[in-house]
Amino acid sequence: SSETFWTTTGMFPQELIVGFPARVRISRVAIQCSQVRTLRIERSVSKDPVGFEECIEKDLQHTEGQLQMEEFSLPDFQATYLRFIIKSAFDHFVSVHRVMAEGT
């Protein structure tokens, strides 16, 4: 539900880690958020959430009064964990409403 969300404490960077039960192949990642300026996505293929490597870093468009929706295509991409790092923001607080990963 986009009515529920995770919000930051106002200091940056902030990170959110999503874990899968096993290594998965991901073809697309999408995020629905607000007030995020710079977002980095990292992955780990380890059994534990360690050894992350950078995959994508992007400056997002500011959308006043609307949620930001970003999609990233990831050809031949595997991960056990995804780490979303909010490096900077357009405001003191940001929110993440939805994170989606598609694949097998």
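Local charge for E54 was computed over the other residues whose Cβ lies under 12 Å away, with Lys and Arg +1 and Asp and Glu -1, and equals +2. Start at zero, step by 10 Å, and the Cα-Cα distances of segment 51-94 spread as 18, 50, 26, 6 percent across the bins.
Residue ranking by accessible heavy-atom surface, 1.4 Å probe, largest first, among D59, D76, D91 comes out as D76, D59, D91.
Taking only the alpha-carbon positions of segment 1-95 and ignoring solvent, what does the Debye formula give for the base-10 log of I(q)/I(0) at q = 0.13, 0.17 Å⁻¹? Log10 of I(q)/I(0), two decimals: -0.45, -0.76.
Accessible area per residue for the chain, computed on protein heavy atoms with a 1.4 Å probe, is 60 Å². Note on E53 and Q78: their simple-model spin labels are 1.1 nm apart, each label 7 Å out from Cα toward Cβ. Put simply, the amide H of S27, placed in the peptide plane, has neighbours under 5 Å in E102, G103, T104, leaving out anything fewer than 5 places away on its chain.
With all protein chains present, how much of the accessible area of segment 6-103 (probe radius 1.4 Å) comes from carbon and sulfur, to the nearest whole percent?
Working: 2710 of 5600 Å².
Within segment 6-103, the accessible surface is 48 percent carbon and sulfur.
Taken about its Cα centre, segment 6-103 carries a charge dipole of roughly 260 debye when the Cβ of each Lys and Arg holds +1 and the Cβ of each Asp and Glu holds -1.
The values are calculated or read from the model by the stated rules, or taken from the named source; none is laboratory data. Computed from a prediction, not measured in an experiment: that's the story for all the values here. Methodologically, a virtual Cβ is constructed for each residue, glycine included, from the backbone with ideal geometry; neighbour enumeration extends over all protein chains shown. Accessible surface is based on the protein model in full, side chains and every heavy atom, while ligands, DNA and RNA are left aside. Shrake-Rupley method; radii C 1.70, N 1.55, O 1.52, S 1.80 Å.
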